[in-house]
Every structure is written in structure tokens, then in C-alpha cells.
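In what follows, a single structure is set out as C-alpha cells and then discussed.
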Amino acid sequence: MAIHTPVLRDGEEEAIHALAAAVEARDPYTQAHTKRVAESARRIGRAMNLCAEDQDALYRGGMVHDVGKIGVPDEILLKPGALDQQERVKMNLHPLIGESIVARLRSGLELRAMVRNHHERYDGTGYPDRLARDEIPLLARILSVCDAYDALVNDRPYRERVSAAEAVRILLEGAGRQWDPEVVHFVVVDARNGKREASA
């Protein structure tokens, strides 16, 4: 099967990769996180039979979904323990900061919803807009699950990674509450296929 290569507009590839590199330079724990999320989101889009344009958008959105963390102070971004309420409020601003940054790109219109809404929850208790179910743009719902899976299976400042099996269990447990159940299904299948390929 041919692998679809994302088509980026003139100058957009450099800008998007520069933004992703800027975030990763701030936080060593997220090194390569953006690229992994971008690639997995594109795979999920393909598995869900989304059009090539949406697959491209998912790749770009994955690369810049956390760009708003540039505006989060280091003592919050890199804190080794749980955030307090005030710190959480500041951290939760990063989707809005990110939206304002990507709005300056030519493809900003299609990126804005993904960047702004990838921390919404399927049950309507997420942020920043408390959207629920289909109110959350589909591409943002896809990014949300891909982002969560990658964060679970990699070390973070406040916790160590979990196994792929444990990450799958957490996703399945949160399906219908935190994440879109259909998207969770595709991400779980993708994760299990990746594990089989790695052990082959």
C-alpha cells in the first residue's frame, strides 16, 4: 500500500517544523512527540478513510498541536509533580495561545480548531470551550486520542511511561467519556498492529 505523503504549502513545512522544534527545545520530555503524534494522526485519518486533504491537515495539526506551550512558564511546563489549581489554569491556556500562533500561517484556518480543541473531552468537561461529542471537530478528536496514547507510552516530567497494553486499557476505559469511542477503536487497532510489527 502506498504511503500518502503530506503536501505542505510553500514555506509551510519549514514554518511548521520550526514551531514544533521550538516546543521540543523547551521540553526535553516531548522530544519527537509532535512528529509521532503527526504521523499517527495521519495513519488514523487514512484508516478512517478520510480524504487526502484531511490526512494532510492531521499531519500539520499534529506537528503544531502543542505550540502554545511556548507561552507556558518553565516552572509549570517542566514541573516534576502535579500542578496546583493556578498552575493548571495557566497550562490550560496553551490551546488558546497555540491557536493565536497558527492563525498566522496560510493553513491557519484548518489548524486553528485542531490546536484549540484537542483537549476537549467527549463528555463536555474538557477545555477551553467545553464542547461535547460531535461539537468537537473530528480532526481535533483524532488528535486528542493520538496525543494521549503517545503521552502515556513515553516519560513525562510528572510520571513514567506505561506499557502499550496499559495505555490501550486506559484509552478503552475513557472511550465515551474522555475520547470519541470510534477514534479510540482505530487508535487501539493501530497500537496493536504496531506492537505486532515491532515483535515480528
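Just so it is clear, none of the values below were taken in a lab; they were calculated from the coordinates. Since the model is a prediction, treat every value here as computed from it, not as a measurement. A quick note on method: Cβ atoms are made from the backbone with ideal geometry, for glycine too, and the neighbour counts reach across all protein chains shown.
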Quiz prompt | Packing-based exposure ordering (other Cβ within 10 Å, fewest first) of Val189, Val153, Val102 | solution = Val189, Val153, Val102
Exercise. Using the Cα centre as the reference, give the magnitude of the dipole from point charges on the C-beta atoms of the chain (Lys, Arg: +1; Asp, Glu: -1; all else neutral), rounded to the nearest 20 debye.
Key: 260
Quiz prompt | Long-range lysine pairs (8 or more apart or interchain), the chain, Cα under 22 Å | solution = 5
Self-check item: Potential lengthening between Ala21 and Asp123 on full extension [0.36 nm per residue; Cα-Cα distance subtracted]
Solution: 33.5 nm
Practice problem: Pick out, in residue order, every one of the GluC sites (Glu not before Pro) in the stretch 109-200 that is DSSP loop and has at most 15 other C-beta atoms within 10 Å; say none if there are none. | Solution: Glu160
Quiz item: Rounded to the nearest 0.05, what FRET efficiency is calculated for Asp84 and His185 with R0 set to 41 Å and r the Cβ-Cβ distance?
Solution: 0.70
Self-check item: Structure-based [θ]222 nm, the chain - -39500 (n - 2.57) summed over DSSP H runs of at least 4, per residue, nearest 500
Solution: -18000 deg cm²/dmol
Quiz item: Based on the Cβ-Cβ distance from Leu93 to Cys51, what FRET efficiency comes out when R0 is 41 Å, to the nearest 0.05?
Solution: 0.80
Quiz item: In terms of modelled amide H atoms, which long-range or inter-chain residues lie less than 5 Å from the amide H of Arg156?
Solution: Arg161
Quiz prompt | Rel. contact order, % - alpha carbon contacts under 8 angstrom, at least six apart, the stretch 78-150 | solution = 22
Practice problem: Arrange Met91, Met114 by Cβ neighbour counts within 10 Å, fewest through most, would you? | Solution: Met91, Met114
Self-check item: Dipole axis of the chain (+1 Lys, Arg; -1 Asp, Glu on Cβ), positive-most option in Ala191, Tyr59, Tyr127
Solution: Ala191
Quiz item: Once amide H atoms are placed 1.01 Å from N in the peptide plane, what residues at a sequence separation of 5 or more from Trp179, or on another chain, have their amide H within under 5 Å of its amide H?
Solution: Tyr122
Quiz item: Ranked by Cβ crowding within 10 angstrom, fewest neighbours first, how are Asp155, Asp27 ordered?
Solution: Asp155, Asp27
Self-check item: Relative contact order %, the chain, counting alpha carbon pairs below 8 Å whose residues are six or more apart
Solution: 19
Quiz prompt | In order through the stretch 89-104: 3J(HN,Hα) via Karplus (6.51 cos²θ - 1.76 cosθ + 1.60), integer Hz, x for Gly, Pro | solution = 4, 5, 5, 6, 7, 5, x, 6, 4, x, 4, 5, 6, 6, 4, 7
Quiz item: How big is the equivalent ellipsoid of the chain along its three axes, where each semi-axis is √(5λ) from the Cα gyration tensor, reported in whole Å from largest to smallest?
Solution: 23, 21, 17
